[in-house]
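**Student:** Once you've had a glance at the structure underneath, I'll fire off some questions.
The values are calculated or read from the model by the stated rules, or taken from the named source; none is laboratory data. No experiment lies behind these values; they were computed from the predicted model shown. Cβ: placed from backbone, ideal geometry, glycine included. Neighbour counts: every protein chain shown.
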């Protein structure tokens, strides 16, 4: 393992394949990952990927760690009310946090500093410690409420990275479209992936 931990929160918007592919590539890159999964996120993963994930954090980390070949201790998962998790305090804030996919409700809660659960508190910590926060909304159309919340967070330094795949590289599969978005997230994290083709490349 190498590098500081990266937090990954999976919430209840559509887009579970983005989250799981991002987790896979972060682990392949040797990065330690702190994982948080909302209950709505768990339901979306089951619906979109057919993967039923357990609620217990240790079991969640074990299943996903085995699925993606994580090293021992590389992947840690935390419950929504685990206020003793490292991500709950600025004294052990991660280098960066990604909320992927980011639901409209989570977007609103983070924008207003509600901190009603660990995902919201972890995002609040990242903002106050001036670390990188990346939000991956997947909603269409968006309302003025969504836009105002995105603008507020962008002004605070967060990166708003909608799950909007490009088509200039002639994607041939759904997996290609997923990789396009995940590659942009990894670029923001400074993690080399080698996936996808960049503009201007042969």
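**Student:** Of all the residues that make up the range 180-192, how many are outside any helix (DSSP H, G or I), within 16 Å of the chain's Cα centre (by Cα) and touching a residue at least 24 places away in the same chain (Cβ under 8 Å)?
**Tutor:** 1
**Student:** I need the full set of residues from the range 147-179 which are under 15 Å from the mean Cα position of the chain (by Cα) and assigned to a helix (DSSP H, G or I), in order please.
**Tutor:** 178, 179
**Student:** Of the numbered conditions (1) touching a residue at least 40 places away in the same chain (Cβ under 8 Å); (2) within 21 Å of residue 106 (Cα to Cα); (3) touching a strand residue (DSSP E or B) at 6+ places or on another chain (Cβ under 6 Å), residue 57 fails exactly one; give the number of that condition.
**Tutor:** So the condition that residue 57 fails would be (1).
**Student:** Would you mind telling me which numbered condition in (1) farther than 14 Å from residue 9 by Cα; (2) modelled with pLDDT of 95 or more; (3) out of contact with any strand residue (DSSP E or B) (no Cβ under 6 Å at 6 or more places or on another chain) residue 140 fails?
**Tutor:** (2)
**Student:** A follow-up question, please. Please count how many residues of the range 14-34 are surrounded by fewer than 22 Cβ atoms within 10 Å (Cβ to Cβ), part of a helix (DSSP H, G or I) and in contact with a strand residue (DSSP E or B) (Cβ under 8 Å, 6 or more places away or on another chain).
**Tutor:** The total comes to 1.
**Student:** So is residue 71 at pLDDT below 95, surrounded by fewer than 14 Cβ atoms within 10 Å (Cβ to Cβ) and either touching a strand residue (DSSP E or B) at 6+ places or on another chain (Cβ under 7 Å) or on the phi < 0 side of the Ramachandran plot (or both) or not?
**Tutor:** no
**Student:** Does residue 37 satisfy the criteria of being buried (at least 21 other Cβ atoms within 10 Å of the Cβ), within 25 Å of residue 138 (Cα to Cα) and in contact (Cβ under 8 Å) with a residue 60 or more places away in the chain?
**Tutor:** No: the conditions fail for residue 37.
**Student:** Looking at 151, 135, 177, which one is surrounded by 15 or more Cβ atoms within 10 Å (Cβ to Cβ), touching a strand residue (DSSP E or B) at 6+ places or on another chain (Cβ under 9 Å) and either at negative phi or free of Cβ contacts under 8 Å to residues at least 24 places away in the same chain (or both)?
**Tutor:** Among 151, 135, 177, only 135 is surrounded by 15 or more Cβ atoms within 10 Å (Cβ to Cβ), touching a strand residue (DSSP E or B) at 6+ places or on another chain (Cβ under 9 Å) and either at negative phi or free of Cβ contacts under 8 Å to residues at least 24 places away in the same chain (or both).
Results for (1) more than 21 Å from residue 21 (Cβ to Cβ); (2) at pLDDT below 95; (3) over 16 Å from the mean Cα position of the chain (by Cα), shown as yes or no for each residue.
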{"site": "79", "(1), (2), (3)": "yes, no, no"}
{"site": "92", "(1), (2), (3)": "yes, yes, yes"}
{"site": "96", "(1), (2), (3)": "no, no, no"}
{"site": "106", "(1), (2), (3)": "no, no, no"}
{"site": "110", "(1), (2), (3)": "yes, no, no"}
{"site": "114", "(1), (2), (3)": "yes, no, yes"}
